[in-house]
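What follows is calculated from the coordinates using simple rules that are stated; it is not laboratory data. Keep in mind the model is a prediction, meaning the values are calculated, not measured. Backbone-built Cβ (ideal geometry, glycine too); neighbour counts: all protein chains shown.
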Amino acid sequence: MHAPLEGITIIEVDSWMAAPSAAAILADLGAEVIKIEPLSGDAMRNLSRPLKIDSKFADYDFQFDVDNRGKRSITLALDQDAGVEVAHRLIETADVFLCNLLIQRQKKYRLDPESLLAINPKLVHATLTGYGTTGPDAWRPGYDVTAFFGRSGLYDAMREGDEGDVPQARPAQGDHTTGLALTTAILGALRLAERTGEGQVVETSLYETAIWTQASDFAVTAVDTAPVRRRARHEMLTPTANRYRCGDNKWVVFNMLDAGAWERFCRALGREDWLEDPRFADGKGRYRHMAELVDGVDATLAQKTRDEWGKIFDEAGLIWGPVLTLDETASDPHAHAIGVFPEIEHPTLGAYRTVNVPFRFTTADVRPRGPAPALGADTQAVLERAGLTPEEIDALRSSRTVG
């Protein structure tokens, strides 16, 4: 089987998680990705959450690995003119340049679109930032918790009612979502460059992507500019689209909005009496008495465990889902059946599980192609392939331009 991006070369200058995650997806698709790191390495290296068990992988950096697997790493001092010249030599024959540098830093290091398209007119220049490259806040650094969750309105919209605290996102949720957006843009730009022979400049930001994820809300809010109602459990529009706690302290969530949902819901819970209760005779009545219904559902579900209720819900044809913990999802048979957690073979430590890209090809070679590279592991080979002589490489090392 062929890889979709076989033969495509990507030069990457970035750090942390968002832009590297896009490059990792492109590597899974078969592209050769060369990651240019400072001599000290990507700031994300060695910041991984450690394993909670003792094993041969106890000190391995899994969070860095998932966003940098299958790449090659070279170290290069871009604050030196010689380092920039080396980067330009690599970019001259590349298909894509991918970075998360703010526009002023791109210009400082001569890695901006104008500079790079002058040396490679067919290049796809791709940028991922917190807030974009134009506008009054283009200068502002941003992480997913600030630009994606905070400023976009997502944190506020996710609060539990008007009095709820601001929630806490899990690591890199916004980063990885934005990485998917940048991947989409790069694939479209590659297709256009192939058809026209002209390079393309594409970009996305954490801020814009977060707004897109809330498009269903903003489709209305952008027009009426009114605040969105934040609904606590006791304020939801219908009891059949809500979340509840079961007897083992595990949660379930329902999303049923069809006309027959209320009857199926009541019969599955063994609460046929609610079907005869005039307070709950129609949707308006159920909304007016939502607090009583939620308390009643909680009390009913407290009589069985989540798994016991799950069998009943499935037999009744309810649309529901268990609220799994992360470790439960990591062991979910369905996740393993569809290949969510494939294995990577580390050359010295052996096999370990990683997280797959969220799509599949039936007859193409799309897969994690190996672990993340050690810092600067491919410097010599990449520079030699770019045509640098051993003497030139030695001189770059002596000047601390490369590691």
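Of note:
- Cut-off under 5 Å, modelled amide H: who pairs with V323 long-range: W251, V252, V253
- Net +/- balance of residues flanking V294 in space, Cβ distance below 14 Å, scoring K and R +1, D and E -1: +3
- Gyration tensor verdict on segment 35-119 (Cα atoms; rounded if a/c is under 1.5, prolate if a/b is larger than b/c, oblate otherwise): prolate
- Amide H partners (placed H, <5 Å) of E203, local residues excluded: T127
- Relative contact order [Cα under 8 Å, 6+ residues apart], the chain, whole percent: 21 percent
- Cβ-defined net charge surrounding I8, 11 Å radius [Lys, Arg +1; Asp, Glu -1]: -4
- Among 263-270, 70-77, 331-338, 307-314, the peptide with the highest mean count of other Cβ atoms within 10 Å heads the list, and the full ranking is 70-77, 263-270, 307-314, 331-338.
- Candidates T300, T204, T146: whichever shows maximal mean-square fluctuation once the chain is modelled as a Gaussian network with Cα springs under 10 Å: T300
- FRET efficiency for the E308 to K56 pair, using the beta carbon distance and R₀ = 45 Å, is estimated at 0.70.
- Residue ranges 318-329, 166-177 sort as 166-177, 318-329 when ordered by packing (mean number of other C-beta atoms within 10 Å per residue, highest first).
- Note on the chain: GNM, Cα springs under 10 Å; of L102, L293, L182, the largest mean-square fluctuation is that of L293.
- Across the options H289, L383, P358, the greatest Cα extent toward the positive end of the charge dipole of segment 279-403 (unit charges at beta carbon of Lys, Arg, Asp, Glu) belongs to H289.
- Partners for K304 among aspartates and glutamates (Cα-Cα distance below 17 Å; same-chain residues under 8 apart left out): D248, D295, D314, E315
- Percent RCO, i.e. relative contact order, over segment 236-325, from Cα pairs under 8 Å lying at least 6 residues apart: 44 percent
- Karplus-based coupling profile of segment 105-120, in residue order and whole Hz: 6, 4, 5, 4, 9, 6, 10, 6, x, 4, 5, 7, 5, 5, 9, 8, with θ = phi - 60° in 6.51 cos²θ - 1.76 cosθ + 1.60 and x standing for Gly or Pro.
- Electrostatic tally near D112: other residues with Cβ closer than 12 Å to its Cβ, Lys and Arg +1, Asp and Glu -1, net +2.
- Ranked R271, R229, criterion: other C-beta atoms within 10 Å, fewest first: R229, R271
- Sequence-ordered 3J(HN,Hα) estimates for segment 329-339 from the Karplus curve with 6.51, -1.76 and 1.60 and θ = phi - 60° stand at 5, 4, 10, 5, x, 5, 4, 6, 5, 9, x Hz, glycine and proline given as x.
- For the chain, the equivalent ellipsoid derived from the Cα gyration tensor has semi-axes of 49, 24, 18 Å, listed largest first.
- Among the listed pairs K35/K71; K71/K122; K250/K311, those beyond 18 Å (Cα-Cα): K71/K122
- Here's the picture: a label point sits 7 Å out from the Cα of W212 along the beta-carbon direction, and within segment 151-165 the residues with their amide nitrogen under 17 Å of it are 152-154.
- Near the amide H of G70, within less than 5 Å, lie the amide hydrogens of R369, G370, A372, all on another chain or at least 5 residues away, with H placed in the peptide plane.
- Efficiency of FRET between Q380 and T184 - r from beta-carbon atoms, R0 45 angstrom, step 0.05: 0.85
- Pair T221, D394: separation of 7 Å Cα→Cβ label points (nm): 6.2 nm
- Within a Gaussian network of the chain (alpha carbon springs, distance under 10 Å), most fluctuating of R151, R279, R89: R279
- Placing unit charges on the Cβ atoms only, positive for Lys and Arg and negative for Asp and Glu, gives the chain a dipole magnitude near 220 debye about its Cα centre.
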